[in-house]
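Here's the structure, in structure tokens; my notes come after.
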Amino acid sequence: MSVQGSILGNAVLRREDPTLLRGTEKYYDDLDVPGVQYVHFVRSPYAHASLGAIDTTEASSMPGVTAVYTADNIDVAPVLGFPMWNPYFARPVLATGKVRFVGDIVAAVVATSREAAADAAEVVQVEYEPLPSVTDPEAALEPGAPILFDESEGSNLVFETAIGEGDPLAGADHVAQVRVVSQRLAGVPMETNGCVAVPEADRISLWASSQNPNAVRDAVAGALGIETSGLRVAAPAVGGGFGPKAGPCTEFILATKMAQLLGVPVKWTEERSENMVALVHGRAMVLNVKLGLKNDGTFVGLDADVVADGGAYPAIGALLTVFTQQMSQGVYNIPSLRFHARSAATNTTTTAAYRGAGRPEATQMLERVIDVAADELGIDPAELRRKNFLQPEQFPLTTHGGANYDCGEYEKSLDAVLAASGYQELLAEQAKRRASGDPKQLGIGLSAYVEVTAPAGLHVEYGAIEINDDGTVTARVGTSAHGQGHITAFSMIIADMLGVDMDKITILQSDTDDIPRGSGTMGSRSLQTAGSAVHVASETVLDKAKQLAAHLLEASAEDIVTGDNGLQVAGVPTSSLSWAELAAAAKDDARRPAGMEAGLAYELDFDGTDSTYPFGAHVSVVEVDTETGRVSMLRHIAVDDCGRILNPMLVMGQQHGGIAQGAAQALFEIVAYDEDGNPITSNLMDYAIPSAAELCSFETSNTETPSPRNPLGAKGIGESGTIGSTPAIHNAVIDAVSHLGVKHIDMPLTAQAVWSAIQAVK
């Protein structure tokens, strides 16, 4: 009980923003490290080649050069991208035998300045014998394709998964089908990747731009063959991650090893063009899907065949088809479902998790084929979805894909977004433009989605709370924020529970010296896991403090409530103790009740027992100039449900950022390669990311369906906007030209792609 009102559910300004806005926040590249030297990596210009002699003589003699390393003079274990893979898929940290993608690291130059390192790297002489390459994952699985790993028995197949038997389309009156290409994307964080490794007396400290310092520590220590106690990993401010910075990278391992060998700090700062080929990519799936329906629109079954691109050194990206499989039923009653996916190694940058990580692809597949079916059967797309929604009384529900849905009200979010968009009025305006032959046609696109947050065992997280001697509070969490507003969210939870002012709360994260364990930030997991851990720890400390206060104030514990930065007897504010007084008493054997342990602190690993499943519905409104193919976003309306909302401002920020990234995939972005495997989009002149000028204002709102799987009732929101927006925009663009005979266009829906599709049906 508290005498104060709850701040949860209110828009509270972010505590993180003042230092970001003033430019005083420190990133790894801002750290003042005396004696630091710089590394520049020599990278392969070939997608696939046998590697011959490497001559470093001239480079080693250049001014400022400290050392030049190749595989011949550095001993580091190859890195296996995922524990279940065969050892031959492991990536040598410096290439041996052959190179497998443009950007593979061949040598490393360490020098006293960035310029000296880059100049020396230019004169490293490398002998390459080019080999045939393959960059298309479907082609990589065909007989006769170039083989990346000679030990793989003549196949580039990395991983395969399947569910369902028999014919899921049996009994259907109509079968709709579509091939959806979820194109390869680059993460393009505002801050490129990098790190600085600092050797110390008895260990090495590694400052890295990372979403998961604990995982980086374990991986780097393992690769170098040292104890984790000999390596500290910390992430200062991180300028964007979106998944590609979630795992350890080869460059971190090399920088740390070179610092160890040389006994000097070593810094690597990624250049933008380097970032576009070196930082892991996302998406890169081809999804062939068939949906069987009755004539009245009732779904009969779904049949999906998927090929994913794992890149040159397969890692978690090749495994993301498991999430696509898990979420392949979406928000719908689908009586029968068959799903088959294969992942291939190709001569491209390795793929990994990117905002949504396998779940957007499932929604893109489902929502496109449903629109195809609606068009072919002449049923309104909204009504076709509504007719086949899972209903609230069916939850909890285990789907065909093995997802254990907690709760959902899918029709409620659809109704809300249709009302907010003025759906019927939009249809009338569209009909008017079509009748008039206006060259600028209106497109209306829908999507309804469900996604999984805290997936694949990521529902457990570390959290701790301690009341300090001065009455302030220190919290520790195993998540690692990079822009999401965790400090604000966690501070709100603690302030609400303990009645402490938010400016008296310190949140520690992202440093293995402070955080003994933790799974970092990815999969929209942080609030429901670390937030719940902080909640439970605060609740436990509060209960103990109430027992202590009751003992000292000669009252019943049931009558103790939180007051102004302390505890008091309910209705008697003068009978109170501040948190500083309680902290002192908790350490005094003479003042504690018999049997009470000293201190006001608690730590735990919160276990939410399972994932949560946010959902929502989006409407996209676009205008397509049929004479040029140009697409303009007019409106985007989103109703997302992330369970109980603690801070609507933080939720809105995540919605807007997610929608922008979803729109970017639908309309602008693609990583492309030429026939020799050369990347042709490796700078921001050629890789099109939108600015705010290319996007419309977003109209966001929420429904709230609290999850029963954590005490906050929270579900994730970080990826929902991306998952919901891409198929809605995709559907909208095709809807704008469907009356001309266009049935499908692959993303990104550039003016050229749309114009070409229109010309093809003329």
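Considering only residues of the range 230-260 that are over 19 Å from GLU25 (Cα atoms) and assigned to a strand (DSSP E or B), which is farthest from the chain's Cα centre (by Cα)?
Restricting to residues being over 19 Å from GLU25 (Cα atoms) and assigned to a strand (DSSP E or B), the top hit is LEU231.
What's the number of the condition VAL307 fails, among (1) aliphatic (A, V, I, L, M); (2) in contact with a Pro (Cβ under 9 Å, 6 or more places away or on another chain); (3) surrounded by 24 or more Cβ atoms within 10 Å (Cβ to Cβ); (4) outside any helix (DSSP H, G or I)?
(3)
Being at pLDDT below 95, more than 16 Å from the chain's Cα centre (by Cα) and more than 26 Å from GLY718 (Cα to Cα) is true for just one of ALA197, ALA201. Which residue is that?
Of ALA197, ALA201, the one residue that is at pLDDT below 95, more than 16 Å from the chain's Cα centre (by Cα) and more than 26 Å from GLY718 (Cα to Cα) is ALA201.
Considering only the range 21-67, how many residues are of a type outside the set (Ser, Thr, Tyr), under 27 Å from VAL99 (Cβ atoms) and not in a loop (DSSP other than H, G, I, E, B)?
16
Among PHE668, PHE606, which is the only one that is closer than 19 Å to ASN731 by Cβ and within 25 Å of the chain's Cα centre (by Cα)?
Of PHE668, PHE606, the one residue that is closer than 19 Å to ASN731 by Cβ and within 25 Å of the chain's Cα centre (by Cα) is PHE668.
Return the only residue of VAL110, VAL76 being assigned by TED's automatic domain parsing to the domain that holds GLY222 and part of a strand (DSSP E or B).
VAL110
Of the numbered conditions (1) under 21 Å from ILE253 (Cα atoms); (2) in contact with a Pro (Cβ under 8 Å, 6 or more places away or on another chain); (3) of a type outside the set (Asp, Glu), THR66 fails exactly one; give the number of that condition.
(2)
Condition first: touching a Leu at 6+ places or on another chain (Cβ under 8 Å) and closer than 30 Å to ASP511 by Cα. Can you find one or more residues in the range 43-53 that meet it?
No, because not a single residue in the range 43-53 is touching a Leu at 6+ places or on another chain (Cβ under 8 Å) and closer than 30 Å to ASP511 by Cα.
Given ASN683, ASN702, which one is under 18 Å from TYR410 (Cα atoms) and not in a helix (DSSP H, G or I)?
ASN702
Which condition from (1) over 26 Å from GLY35 (Cα atoms); (2) out of contact with any Gly (no Cβ under 7 Å at 6 or more places or on another chain); (3) modelled with pLDDT of 95 or more is the one that ILE253 breaks?
Condition not satisfied by ILE253: (1).
Of these, GLU151, GLU138, GLU129, which one is of a type outside the set (A, V, I, L, M, F, W, C), farther than 25 Å from ASN86 by Cα and surrounded by fewer than 16 Cβ atoms within 10 Å (Cβ to Cβ)?
Every option except GLU129 fails the conditions.
What is the residue count in the range 484-521 for residues that are in a strand (DSSP E or B) and over 17 Å from VAL541 (Cα atoms)?
2
The values are calculated or read from the model by the stated rules, or taken from the named source; none is laboratory data. Quick caveat, the model's predicted, so the values are computed rather than measured. Cβ: placed from backbone, ideal geometry, glycine included. Neighbour counts: every protein chain shown.
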